[in-house]
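To start, the structure under review is shown below, and the notes come after it.
What follows is calculated from the coordinates using simple rules that are stated; it is not laboratory data. All figures in this text were calculated on a predicted structure; none of them were measured in a lab. Positions of Cβ are backbone-derived with ideal geometry, glycine not excepted, and every protein chain shown enters the neighbour counts.
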Amino acid sequence: MISATDLLADIADALAAVLPEQRWFAGKGRPVHGVIPVRATDLAGAEPRLVHAVVEVDQGEQHRDRYQFLLGVRSDLPDILGHAWVAACGDQAVYQAIHDPELTAVLLDLMAQGTTVEGLRFAVEPGVTLDTEQRSRPVGAEQSNTSLVYGQTYILKLFRKVAAGRSPDLELHRALASLGCKHIAAPLGSIEGALESVPVTYGMLTEYLRNAADGWAMATASVRDLLAANLLVEGAPGPVEQADPADVGGDFASEAHRLGQAVATVHTDLATALGSAPAPAGYLDAVADDMHRRLDGVLAQVPELSPHEDALRAAFDAVRGLEGPVPVQRVHGDLHLGQVLRSVTGWVLIDFEGEPMVPLATRVAPTSTLRDVAGMLRSFDYAANYLPLGDDDPEQRAAVALAWTTRNQDAFCDGYAQAAPDPRKHAVLLHAFELDKAVYEVGYEHSNRPLWLPIPLAAITRLTTTSP
Amino acid sequence: MKGAPHTGEAMLPDGHLVEPQAGDYEHAKAAPTDPHWYKRAVFYEVLVRAFHDHDGNGAGDLAGLTRKLDYLEWLGIDCLWLPPFYASPLRDGGYDISDFRAVLPEFGTVEDFVVLLDEAHKRGIRVITDLVMNHTSDQHPWFQESRRDPEGPYGDFYVWNDKDTGYPDARVIFVDTETSNWTYDPVRRQFYWHRFFSHQPDLNYDNFEVGEAMLDVLRFWLDLGIDGFRLDAVPYLFEEEGTNCENLPRTHEFLKRCRKVIDDEYPGRVLLAEANQWPADVVEYFGDPAAGGDEAHMAFHFPLMPRIFMAVRRESRFPISEILAQTPPIPSGAQWGIFLRNHDELTLEMVTDEERDYMYSEYVKDPRMRANIGIRRRLAPLLDNDRNQLELFTALLLSLPGSPVLYYGDEIGMGDNIWLGDRDSVRTPMQWTPDRNAGFSSCDPGRIYLPVIMDPVYGYQAVNVEAQSTSSQSLLNWTRRMIQVRHQHSAFGLGDFSELSSSNPSVLAYRRSHVSNHDAGDDLVICVNNLSRFPQPVELDLGEHAGGVPVELTGGVHFPPIGELPYLLTLPGHGFYWFQIVPPNTGREP
């Protein structure tokens, strides 16, 4: 039998060919010069065989990212796995094993047994016993990971891009679980290892919240209902009165309130578990500098932003002079409505990885919790403006969206203030974080979804014309 | 009570009152033996006064109800639930009983009731009624004797005291009308205890004879052939200093005594406990799970109803998902009763602090939801007479775990008359035909006990049984068809419940699965409900049933077989599907 290392070397070119089709591949748009095997480990069997592989993708000097693959090897690939085919190796087929429940079951077994294979450590969290009879299937289309759901019980997140250093997702889940935090999915197991003596995290197993819906779906359902109420009003004879989001059936405010409480509880628990301290000298200047830098970059690309430059710079500079201690701590780092799930027992925060494009050192650096709050406030604004309904009268549409956004942002902050200090007390900093986020959104929408550009631009107009 | 046998017609030398005996009457032929009939049954709450007036005096009666049994059989009803029809001064809607062994004269006689039972049983319909065990009317001869003669056989039948300071931890339930649970009786010159109205003294269950007397009341009706009782206000039977006097262990002991009488002497009859409490507390009234339940066979699941309304209003399944997730398992012999409308309602006092906060934020602040919880409305007006929602709500009622209880008239979408006030707005005469008095009574319209509904939308000329029974598209025929489908599938009544996960918060999907002892009886049903007014897609994880074929239950259409991938369905606004999952290539029609 060919060794795992040789097998990987054999199919490296084929991997280079399939990489750009993978949703989680971060290097889309840049040519792939080559795929260099980093390590390959046999995890199971001969037929079918499971190989864990890490490769480095060469996209030029600045872009050498590492990715993990789970490769299945069979002499006879069943039709149902045809779509997972990667390459032929001798008379055998090599394919992406995440689609093969027979092989993914091995991962659960290895974790349950607490096995280490050539430096790959499979483990369960303390006190956890796994039911290894569960069959898996890959779920959804995630940006940077692949997740496997086992039965209706567990979800295994495989971090596709292998970053040096332990994953903040795993780290924060463990910290929160140690305090019994109810607002996370309980961590159950992990796959870890090391590359060049630096720890890396390959996978994290958590409880699967089997009957959950994400906050974005919940919020847009509410907006849809409000828009429908207003469409009815629009067609009515006589004077038109806008429907109040508080009066329509799909009101989201009490959910937003509970969501605020959940986020505040997670923040408080993170501070308890991993510490909180007054920001070091220079923190606020660094925050402001960072905001200015981002603005510089986006201004260079998006001329529509220039009219707002002065107001934005003034809001960022206002941060420098803030008095009184600003506490900093570990935070979620990329919080929005898509990162929260409504389960039958309440709101749960997921994916503590932070912004995937940001270096690890920055993601794990203590910062203000207002960053997370600002992310969520911006997300409410997006949810309110996202649905392409009621565009006949853009002014009316915007007014409806604003009414929804305001009501739910307020409810979120009210809920937050029940479990932690009211974020609105630090209006200048919160305001700056919101604007910074909106500037980032302008840049993102400009390059990716120009149709959505008006959403962050309108928010910047609104936020810079109302004083914090 | 002249002319009819009643309690206290005569007195024995030892001071005991002579009470009517079951042996004085004919007995109805028993319903067919079926120990778990109540799990499969569709119940129908009917007010005798409101259903049909046989003698033409303007109020419905037992004989009138008997004449409408053919209709109820046609509709597919398995069991009637009658609110109290006992002799009563009617100061509390008949729940103030002045003679447990006599029928309110305006409704007829005990003989009429036996005829009703007999005719119902001939049609496979059972009958249960309310029995108030906690208290009587102050007009009951027991109470009259008790106040007159403290040393006589009834002297200790009620809770008497020289002072009004006992049991201070028991709350006053009817705070609007009562200031204390004690009231002074000038005849006996003592205070008597009452958890409800002061004209309803509590029976003293510390006195063993009271329990025996009440068991004899049960036997009286059971001997006549009744199929069970809904036991009213059960949490309050016993009192104990230092407690809130609710749900005491001795109350449960007494219920076990009642259940033993049923099991030993009247197998197949049922007890339904009215405990307007949180499901986690109500399950105590089913008794010991190891014995399959040894107290009540059934209890109402109160919080589910407002949660269904909330879920559809919010277009979110979570209000329902949460309450079902919080509902503990029940003993094997037990069953929930579920309803959309009845004359009971959820009150905020009964819930936990956390739930009260939830109810307050989701419910009480919303004017429409507040109306639905506080004022009694019928289903159709609550749903703006929207046929799609009426069907969705009925489909939920018929498929969620528990035995459904329909409220009379809701099957034709009857309206209410809010000008009659809280209690009477939903108690107007059943609308049979477009003729005078809606075919309810031949009396002079001015004599009718409550006016029939006459508005243009819900009035009897538009909404009545006669018109709807001839239209294949009517709500009545649709409801009848859905009841038929329910009866064809044991999963609805006997099956397990598990919610199916989906990422769409507006879609509620669940599986009802019944594994029977014999191979052919297995039944697996999937229900998918769109709580939103907009069309919705949903992807269900049905991997466990890979290879199976969903067959839609109302039309028998075979849907594409289930594969390894999530099963995609699209639903119209407020649409729903019921599927049976059958093995591939069996082609079995539902």
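Put a dot 7 Å past the Cα of residue A:399, heading toward its Cβ, do the same for residue B:90, and the two dots end up 5.5 nm apart.
Averaged over peptide B:308-315, the number of partner chain Cβ atoms lying within 10 Å of each residue's Cβ comes to 3. Projecting label points 7 angstrom from Cα along Cα→Cβ for residue B:497 and residue A:317 puts them 6.3 nm apart. Paramagnetic label reach from residue B:223 (point 7 Å along Cα→Cβ; backbone nitrogen cut-off under 16 Å): within the range B:91-122, residues B:100-103, B:110-111, B:114. Take the Cα radius of gyration of chain B and divide it by 2.2 N^0.38 Å, N being the number of residues; the result is 0.99.
Normalised Debye scattering of the range A:334-468 at q = 0.13, 0.16, 0.18, 0.19 Å⁻¹ gives log10 I(q)/I(0) of -0.60, -0.93, -1.17, -1.30, counting only Cα atoms as equal scatterers and leaving out solvent.
Once you have all Cα-Cα distances for the range B:474-551, histogram them in 10 Å bins from zero and send the whole-percent values. Computed distribution, short to long bins: 17, 39, 36, 8, 0. For the range B:151-284, with equal point scatterers placed on the C-alpha atoms only and solvent neglected, what are the log10 I(q)/I(0) values from the Debye formula at q = 0.10, 0.17 1/Å, to two decimals? Per q value, in the given order, log10 I(q)/I(0) is -0.37, -1.01.
If R0 is 51 Å, the Cβ-Cβ spacing of residue A:76 and residue A:247 corresponds to a FRET efficiency of close to 0.20.
Subtracting the Cα-Cα distance of residue A:207 and residue A:276 from their residue separation scaled by 0.36 nm leaves 22.0 nm. Which lysines have a Cα less than 29 Å from the Cα of residue B:29, not counting those fewer than 8 places away in the same chain? Partners found: B:2, B:39, B:68, B:122, B:256, B:260.
In terms of surrounding Cβ atoms within a 10 Å radius of their Cβ, A:406, A:104 rank from fewest to most as A:406, A:104.
Once the Cβ-Cβ distance of residue B:291 and residue B:568 is raised to the sixth power relative to R0 = 41 Å, the FRET efficiency obtained is 0.35. Principal axis extents of the Cα atoms in chain A, from largest to smallest and rounded to whole angstrom, are 78, 57, 47.
Around the amide H of residue B:582, modelled in the peptide plane, lie the amide H atoms of B:549, B:551, all under 5 Å away and 5 or more residues distant in sequence or on another chain.
Ranking A:297, A:401, A:284 by how far each Cα lies toward the positive end of the dipole of the range A:213-465 (charges on Cβ) leaves A:284 at the top.
Take the Cα of residue A:447, go 7 Å toward its beta carbon, and the backbone nitrogen atoms of the range A:1-39 under 17 Å from that spot belong to A:24-32. The orientation-averaged projection of the convex hull spanning the C-alpha atoms of the protein assembly as shown amounts to 49.4 square nanometres. Subtracting the Cα-Cα distance of residue B:122 and residue B:14 from their residue separation scaled by 0.36 nm leaves 34.6 nm.
Mind checking which lysines have their Cα closer than 30 Å to the Cα of residue A:157? Skip sequence neighbours fewer than 8 apart in that chain. Straight-distance partners of residue A:157: A:28, A:182, A:437. Per residue of peptide B:441-448, the mean number of Cβ atoms on other chains within 10 Å of the residue Cβ is 0.
Under the simplified labelling scheme, the residue B:473-residue B:172 pair shows an inter-label distance of 5.6 nm, with each label point 7 Å from Cα along Cα→Cβ. Extent of the range A:4-207 along its three principal axes (Cα atoms, max minus min coordinate, largest first): 48, 40, 31 Å.
For an R0 of 41 angstrom, estimate the FRET efficiency from the Cβ-Cβ distance between residue B:450 and residue B:73 and round to the nearest 0.05. With a Förster radius of 41 Å, E is 0.95. Annotation: Cα Rg of the range A:213-465 relative to the compact-globule expectation 2.2 N^0.38 Å equals 1.02. The mean count of C-beta atoms from other chains within 10 Å of the C-beta of residues in A:251-257, rounded to a whole number, is 4. Note on A:332, B:301: ascending count of other Cβ atoms within 10 Å places them as B:301, A:332, the fewest first. With K and R counted +1 and D and E -1, the other residues having a Cβ less than 15 Å from that of residue B:563 yield a net charge of -3.
Highest mean first, the peptides B:504-512, B:176-184 sorted by other C-beta atoms within 10 Å per residue fall in the order B:504-512, B:176-184.
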